[in-house]
Amino acid sequence: MGLLENRFDDNVVVEKLDKLLSWARSTSPWFFQFGTACCAIEMMAAAASRHDLMRIGIIPRSSPRQADVMIVAGTVTMKMALRVKKLYEQMADPKYVVAMGSCATSGGPYWQHGYHVLKGVDLVIPVDVYVPGCPPRPEALIEGLLKLQEQILEGRPLTRKTG
Amino acid sequence: MGVVHGQEMVLNIGPQHPATHGVLRLQVKTDGEVISEITPYLGYLHRCFEKHCENVSYEQVIPFTDRCDYLASMTMNFGYVVAMEQLMDIKVNDRVQYIRVIMAELQRIASHLLATGVFGLDLGAFTPFLHMLRDRERIIDLFEMTCGARLLYNYMWVGGLSHDLPKGFVEETLRFLDYFEPKVDEFENLLGHNKIFVERTADIGIMPAEVAINYGVTGPNLRASGIKWDLRKDDPYSVYDRLDFDVPIGLGIKGTVGDSWDRFYVRLQEMRQSINIVRQAIDKLPKDGDVHQSMPKKIRPPKGSIYSRTESPRGDLGYYIESDGSDTPYRLKMRSPAFTALGVLNEIAGGWLMSDVLAILGSLDIVLGEIDR
Amino acid sequence: MSEDKQKLINDAVEKALAGDADAVNNIEDRVTRAKAKAALVKAQREQPKKEDSNDDASKPDEKEPPVSNNTVQKVSASLAAKFPKSLDGEQNSDWIQLKPENWFEIAKWLKDNPDFYFDSLQCNTGFDLGEGLLESRYNFHSMKHLHCVEIRIRVSAEKPDIPSVESLWRVADWFERETYDMFGINFTGHSDLRRILLPEDWEGWPLRKDYEEQETYHGIVVPKVKEGWE
């Protein structure tokens, strides 16, 4: 950074473009509200009055095309699994998935006799953050989203991957 | 003047759509803007409730009933324990009964708050939704205080409750009711008499009483069609026969009896009645009594079957339980009120405009968890 | 297991049930002792069950409110007069057992008869009774007379045909579709009998007692797959 050091005023920060991009991505992950079951209510509660997700830049979207993060909130069944894949494919890159609740993580209480329940959404689409709980409290979801932000911050979108 | 028929178009709504209240797919046949047929496709949330019941013990069924209607878990528990207590011939003491009624009615308020709030949201009114969820959070706090869970409580057990009321619950509830009672009027003014809301719901999706009965529609939807039918009054269970309350019915104030606005208004009125019931139940709540008193050590009902109905916020909630004398149910069927309410959609939405479908669907207040089970 | 050991276990269990708790503990071979203990637990579990069912055999008569019994008897008596051959087997005071053949006519009569006027079909439950028998149970309610009745219709699993009552009570449309979906009971005369909850291409009838879930659905593994869950 020798060339750029001390060339500008005090309120200018010098940083890699890579980091700037991931910082910008991490602070406004608009989420696709994919609520299927009980967890959807907690997701709604997280977005509504008391917990207010918007204050950390996380805004609910109804269409996968406008979203960066897909929150799978609730049980995914076999009938739904095919649609989940379709919806995931409709999202624009870069895309992230949060599996909210034990159903989306592993099938939850339905893992044993649920002949029609998908035992974890990660059998169909890749998942970045798992939020445990049945259902998780809104605070837990917010924690999961903050974890996701950290994960996005670590990303290096411009760095060429080797190997 | 003849009828002009255009070309029919098939439109898919869902299974992922913000206005379908979950994962419901509607296949709508339209002639331009006018709807000719709606075919609902269910089962996107079929979680094999009845299969689970056959494989777990009677106590373990209760958490699964929670997860069926996740907006009214307390009343789902209530229906199941009432059925089980009839089957096993258990009498529970008054303290348990009154606590159950308090919980069920608070849950009814919470459920109706979400139902009316989301109904507004479907029609583009975002502010009432935030107001209603704010007040719902306060009820959730009361539940959390009692049993630690926010949404799925597993609170009512066969023959008793999981916990007694915590210290300060009664005061906190009364404080909430004092705060909430004027809020209902506020909601009525904010949403119910809003010009846009009235235009979009009054005279829309009229459900005549005969149609409602024939389709098995129950609860607030049936009462909005002008039939005074409430299981709490007509077939009283628990201690509802000792409480004094009204059953609000649809009067067609803004339009015709049985329209979408009436369904909304009946829910609003029921909140007022529930406040009234909770107050009475708190007055009559006995000071002493062990909530675990009549809980059986091992739940093993005698051979036989029972069909028992209770009034959930969505209507007649029936449990058909067949016992073969062992500690797991031989067969357990839940008769879901939202299932039958959704069945009537094609009948009452045909002929209306495309934009009215979501108004009608929102007014029916369906919960997919309970429809698909 | 050899016959000697089985005999040893049986003897020990019998003694233990009679009150001698050491009989099981004194068995020397560890495996045999464990098996004996398991057998003892099983036997103890079965014992109270028998007592329970004996006790409760007398109970239901006192428990049932007399009103509902009256309705069932009244309906059953008029049914016997009107449709003499339709009743199936022994009747009792809690429900009416019917043959499937002329169920539609009976249902129409139940709905239109001014004495009963069952205008509301509350619930339709499918049932797998085992031994190749399926049953459909209907709970009716009259909004006018405020009385209820339960009707049961039994069919064999090889030919599970029951006339549909969809055209009488519209609510039966979805109820019957659900029962068909879960049990494979074929409601003849139903206008649109397809699966309602499960996908169209699902195999088998899930709530039958002999159901085994399929291995994959569209390439997705159906049974539990992850290790170390139990």
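FYI, it's all coordinate maths here, none of it is from the lab. Small disclaimer: the values here were computed from a predicted structure and weren't measured. No Cβ is skipped: glycine too gets one built from the backbone with ideal geometry, and neighbour counts run over all protein chains shown.
Averaging Cα coordinates gives a centre for segment B:295-310 and one for segment C:100-146; these two points are 23 Å apart. Considering only B:Q27, B:S363, B:I299, the residue lying farthest towards the positive end of the dipole of chain B is B:I299, judged by Cα position with unit charges set on Cβ.
Could you please rank B:V239, C:V72, B:V278, placing first whichever residue has the fewest other Cβ atoms within 10 Å of its Cβ?
Numbers: B:V239 16, C:V72 21, B:V278 24.
Ordered by Cβ neighbours within 10 Å, fewest first: B:V239, C:V72, B:V278.
What's log10 of I(q)/I(0) for segment C:62-211 at q = 0.11, 0.12, 0.13, 0.14 Å⁻¹, Debye sum over Cα points only, no solvent? Rounded to two decimals, the profile gives -0.42, -0.50, -0.58, -0.67.
Net charge dipole, segment B:172-301: roughly 500 debye, given to the nearest 20, about the Cα centre with Cβ charges of +1 for Lys and Arg and -1 for Asp and Glu. From least to most packed, judged by other beta carbons within 10 angstrom and beginning with the fewest, B:E105, C:E150, C:E203 follow the order C:E203, C:E150, B:E105. Pairs exceeding a 28 Å alpha-carbon distance, out of B:K195/B:K233; B:K303/C:K82; A:K86/B:K29; B:K91/C:K74: B:K195/B:K233; B:K303/C:K82; B:K91/C:K74.
If you place +1 on the Cβ of every Lys and Arg, -1 on the Cβ of every Asp and Glu, and leave all else neutral, what size is the dipole of chain B about its Cα centre, to the nearest 20 Debye?
Value, rounded to 20: 700 debye.
In µm²/s, what is D for the protein assembly as shown at 10 °C and 1.306 mPa s, where D = kT/(6 pi eta Rh) by Stokes-Einstein and Rh is the Kirkwood radius from Cα pairs?
Working: Rh = 28.3 Å.
Answer, rounded: 56 µm²/s.
Using Cα centres only, tell me the gap between segment A:63-85 and segment B:84-145 in whole Å. Taking the Cα centre of each part, segment A:63-85 and segment B:84-145 sit 28 Å apart. For segment A:30-154, the relative contact order works out to 26 percent when only alpha carbon pairs closer than 8 Å and six or more residues apart are counted. The charge dipole of chain A, taken about its Cα centre with unit charges on the Cβ of Lys, Arg, Asp and Glu (plus for the first two, minus for the last two), comes to roughly 640 debye. Look at B:D69, A:D122, A:D10 and count the other Cβ atoms within 10 Å of each Cβ; fewest to most, that gives A:D10, A:D122, B:D69.
Dividing the summed helix terms, -39500 (n - 2.57) for each DSSP H run of n ≥ 4, by the number of residues in chain B produces a 222 nm estimate of -14500 deg cm²/dmol to the nearest 500. Ranking A:G114, C:S136, B:A341 by Cα position along the charge dipole of the protein assembly as shown, where only Lys, Arg, Asp and Glu carry charges on their C-beta atoms, puts A:G114 farthest toward the positive end.
Taking the charge dipole of the protein assembly as shown about its Cα centre, with +1 at Lys and Arg Cβ atoms and -1 at Asp and Glu Cβ atoms, the residue from A:L146, B:I321, A:T105 reaching farthest to the positive side is A:L146.
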